[in-house]
1. Quick check on the range 1-23: of everything there that is open to solvent by 70 Å² or more (accessible area, probe 1.4 Å) and charged (D, E, K, R), which residue is modelled with the lowest pLDDT?
2. Look at the range 33-45 and say how many of its residues are closer than 20 Å to GLY81 by Cα and open to solvent by 70 Å² or more (accessible area, probe 1.4 Å).
3. Does the range 77-86 contain at least one residue that is of a type outside the set (D, E, K, R) and open to solvent by 70 Å² or more (accessible area, probe 1.4 Å)?
4. Would you confirm whether any residue within the range 54-66 is among the aliphatic types (A, V, I, L, M), open to solvent by 20 Å² or more (accessible area, probe 1.4 Å) and out of contact with any Cys (no Cβ under 6 Å at 6 or more places or on another chain)?
5. Can you name the residue in the range 114-170 that is more than 17 Å from CYS80 (Cα to Cα) and not in a loop (DSSP other than H, G, I, E, B) and, of all such residues, is most open to solvent (accessible area, probe 1.4 Å)?
6. Identify, by number, the condition in (1) outside any loop (DSSP other than H, G, I, E, B); (2) under 26 Å from ASN149 (Cα atoms); (3) open to solvent by 50 Å² or more (accessible area, probe 1.4 Å) that THR111 doesn't meet.
7. Right, SER51: under 25 Å from GLU37 (Cα atoms) and at pLDDT below 95 or not?
Amino acid sequence: MAYFKNLFRDTILNGVLSSSVLPGRIRGIFYRMYGMEMEGMGINSGCSFQSGKMKIGRGTWINHDCYFDNEEWIEIGENCGIGMEVMFCTTNHIIESQEKRAGKVVRGKITVGNGCWIGTRATILPGVSIGEGCVVGAGALVTKDCEPNGLYVGVPAKRIKDLPVEEQIK
């Protein structure tokens, strides 16, 4: 049964549905049928998913060729921007003996707060929460939680700047 599930995922979900030929609205309908919770339809072509454990808030857009290793839940808030080729990794390995360094698999949910911008080719590791209003720079490796309204860059990502907090104009 797992073989057929993986075959469906790899050929339909990550093949046909991620094609640039398919309109985004149709892609969104099928992603919802697969179990993803989406309030918008802003997922561009080339994105790859491992399961339906995905929640995307209203007004969020996901650029081309992002990878979602969503063996655990990935929750992205409202009005977020996800750059090209961003990787969300909900699984990792414990480092073990020299005979086999990639040991037991560990999993962790990833949460991205409202209003965040994740730059191109950033990598988010398991168990990380990115606070509201954060910017994660291109190529950053996020290994720890990010406090709200900060600019995080580097490998590993570090907060280098506090971002202004302004009340929304009504």
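1. By that ranking, first place goes to LYS5.
2. Quick first cut of the range 33-45, residues closer than 20 Å to GLY81 by Cα only: 36-45.
From the residues that got through so far, the ones that are open to solvent by 70 Å² or more (accessible area, probe 1.4 Å) too are 37, 39, 41.
Count: 3.
3. Keep residues of the range 77-86 that are of a type outside the set (D, E, K, R), which gives 77, 79-84, 86.
Next cut, open to solvent by 70 Å² or more (accessible area, probe 1.4 Å) only: 79, 84.
Yes, there is a match, as at least one residue in the range 77-86 is of a type outside the set (D, E, K, R) and open to solvent by 70 Å² or more (accessible area, probe 1.4 Å).
4. Here is the first cut: in the range 54-66, the ones among the aliphatic types (A, V, I, L, M) are 54, 56, 62.
If we keep only those that are open to solvent by 20 Å² or more (accessible area, probe 1.4 Å) too, we end up with none.
Scanning the range 54-66, I find no residue that is among the aliphatic types (A, V, I, L, M), open to solvent by 20 Å² or more (accessible area, probe 1.4 Å) and out of contact with any Cys (no Cβ under 6 Å at 6 or more places or on another chain), so the answer is no.
5. LYS158
6. It is condition (3) that THR111 fails.
7. On the way: under 25 Å from GLU37 (Cα atoms): yes; at pLDDT below 95: yes.
For SER51, the condition - under 25 Å from GLU37 (Cα atoms) and at pLDDT below 95 - is met.
The values are calculated or read from the model by the stated rules, or taken from the named source; none is laboratory data. Everything quoted here is computed from the prediction, not taken from an experiment. Here Cβ is always computed from backbone atoms with ideal geometry, including for glycine, and neighbour counts include all displayed protein chains. Please note that ligands, DNA and RNA were not included when accessible areas were found on the heavy atoms of the full protein model with its side chains. Shrake-Rupley method; radii C 1.70, N 1.55, O 1.52, S 1.80 Å.
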